[in-house]
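Structure, as structure tokens:
The numbers here are math on the coordinates, done by the rules we state, and not lab data. It should be emphasised that the depicted structure is a prediction, and the values quoted were computed from it without experimental measurement. Here the Cβ positions follow ideal geometry from the backbone for every residue, glycine too, while neighbour counts run over all protein chains shown.
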Amino acid sequence: MPAAGGIGPGNGKEYPGNLTPFVTITCIVAAMGGLIFGYDIGISGGVTTMTPFLQKFFREVWEKKEANKSTNQYCQYDSQTLTMFTSSLYLAALLASLVASTVTRKLGRRLSMLFGGLLFFAGALINGFAKAVWMLIVGRLLLGFGIGFANQSVPLYLSEMAPYKYRGALNIGFQLSITVGILIANVLNYFFAKIKGGWGWRLSLGGAMVPALIITVGSLVLPDTPNSMIERGRTEEARAKLKKIRGVDDVDEEFRDLVSASDASKLVEHPWRNLLQRKYRPHLTMAILIPFFQQLTGINVIMFYAPVLFNTIGFGDDASLMSAVITGVVNVAATLVSIYGVDKWGRRFLFLEGGVQMLICQAVVAACIGAKFGTNGNPGDLPKWYAIVVVLFICVYVAGFAWSWGPLGWLVPSEIFPLEIRSAAQSINVSVNMMFTFLVAQVFLTMLCHLKFGLFMFFAFFVVIMSIFVYYFLPETKGIPIEEMNQVWKSHWYWSRFMEDLDYPINGNSEMSKGGQDPKLV
């Protein structure tokens, strides 16, 4: 029985409130935190195809690339040093996300964003002026620390600020800014690669200072979320802020639920240890498996290495960079589709439709590359129409990801965690995401060399598994207040066995401590 029960209009709480201009502008500014992540994803793949960059820092890769022009193109970029340049960032982000949990919980979401922006700015500065590989790696590590803080705090901030009816669309603003960052990076790579003198890569890497400044300045002007204020004892200020962001005076019910959730969270002395409790089994499962599956869709193979990949399947350097720009445009456009539909069609529908779309495209791309390149990696003369077909299906694949697993991989975990474990659980979410981003980035070029076109089938297998998981185990969370989310698990065919009435009474606040009273009855 795959159906997922839940509470919605008429079945659960419907807090009064509107989508105010104040909230809209605030969420747009906060979502800009995704720019730093997206810019880096797009820029790193582009600079690794720039000949001057390879000649200066990774000469053995450049020599192998030149020597392999007429032989095995699957292996021309196979270098652990080169992949370490890309993937070291995600290892640093993994470590930073663990520290960011404490900062986000005790000092607020805004301060965590500020740390992220400052660290990312420092990393971009070092990379832009890099003279040796060690400077590149140090810069990448600082970039990673910045991303760890931003990815920890921004999705939580958006989920807490947004009215529950519009939470999906506003939270996906984070993913939209990631895709915009990727597109901007791809466009800049295309033009910077044409600069005479071969120093355009410095502009590409140093340009990351711009999105870093945006999130840094933004964090200084954004207001705190009511949840964060209550957590830190600023109760009356939180009530006034809640009235402002909801645009109504009648916020008593939502405010009482936020306060009771905060009181319950303060009784939790060890949120990390508490994650292992039976009642948090569904949350912990989603915090681990959703980011795991998101990376095993194979999307980072496309977005990290799009220029490398297109170069490998027979495009020239300029053409490969332009193909990456095309996939970037598709990425942005498809994310807008998700913003439109996530609160209309629901999370499950987008997850499942995107999975089917990605699976079909991966099978077609594998067949196309396999038919032309075979196992020896030598395509001979690659017809232009053939390359266009490959790019077309890759674009359809990117679209499927961009309106499903891309934004929902950040949205769903950020909206399902109770306040008492929210920061710790989000750290698990970010850490798992970064761990597998690191692993995929580190082994991709070696896997391409050995698995060849079968690499796409490898990721297609995981798309099948993740779609089955969503069908049976992920409940629908559309239109449910964030403080009432635990009722979803109580009515789910599988997860209900982990939910006890004493912990989560059906008609009471979903985040009350054991034995606590319903605040509406006091």
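Some values worked out for this structure:
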{"quantity": "Förster radius 51 Å - calculated FRET efficiency between Arg59 and Thr285 (Cβ-Cβ, nearest 0.05)", "calculated": "0.65"}
{"quantity": "Estimated inter-spin distance, Phe349 and Val99, nm [label 7 Å along Cα→Cβ]", "calculated": "4.4 nm"}
{"quantity": "Taking the C-alpha atoms of the range 165-222, convex hull volume expressed per residue in Å³", "calculated": "69 Å³"}
{"quantity": "For the range 436-444, 3J(HN,Hα) per residue [Karplus equation, 6.51 cos²θ - 1.76 cosθ + 1.60, θ = phi - 60°, Hz, x = Gly/Pro]", "calculated": "7, 4, 4, 5, 5, 5, 6, 9, 4"}
{"quantity": "Segment Ala367-Lys194, length gained on full extension (0.36 nm per residue, minus Cα span)", "calculated": "58.9 nm"}
{"quantity": "Cross-link table Lys56/Lys452; Lys106/Lys490; Lys131/Lys196; Lys165/Lys244; Lys106/Lys241, entries beyond 22 Å C-alpha to C-alpha", "calculated": "Lys56/Lys452; Lys106/Lys490"}
{"quantity": "Calculated FRET efficiency for the pair Val133/Val443, C-beta based, R₀ 22 Å, to 0.05", "calculated": "0.65"}
{"quantity": "Theoretical FRET efficiency, 1/(1+(r/R0)^6), r = Cβ-Cβ of Arg232 and Ser496, R0 41 Å, to 0.05", "calculated": "0.75"}
{"quantity": "Label-point separation in nm, Phe292 to Val221, each point 7 Å along Cα→Cβ", "calculated": "4.2 nm"}
{"quantity": "At 1.002 mPa s and 20 °C, Stokes D of the range 326-372 from Kirkwood alpha-carbon radius, µm² per second", "calculated": "175 µm²/s"}
{"quantity": "Cleavage-rule hits, GluC sites (Glu not before Pro), the range 189-259, DSSP coil, Cβ neighbours within 10 Å at most 10", "calculated": "none"}
{"quantity": "Neighbour net charge for Val103 - beta-carbon separation under 11 angstrom, K R +1, D E -1", "calculated": "+4"}
{"quantity": "Extension gain, Gln277 back to Ile468 (0.36 nm per residue minus Cα-Cα distance, nm)", "calculated": "66.2 nm"}
{"quantity": "Point-to-point label distance, Phe22-Lys243, nm (Cα→Cβ direction, 7 Å offset)", "calculated": "1.0 nm"}
{"quantity": "Burial ranking of peptide ranges 199-209, 406-416 (average Cβ count within 10 Å, highest at the top)", "calculated": "406-416, 199-209"}
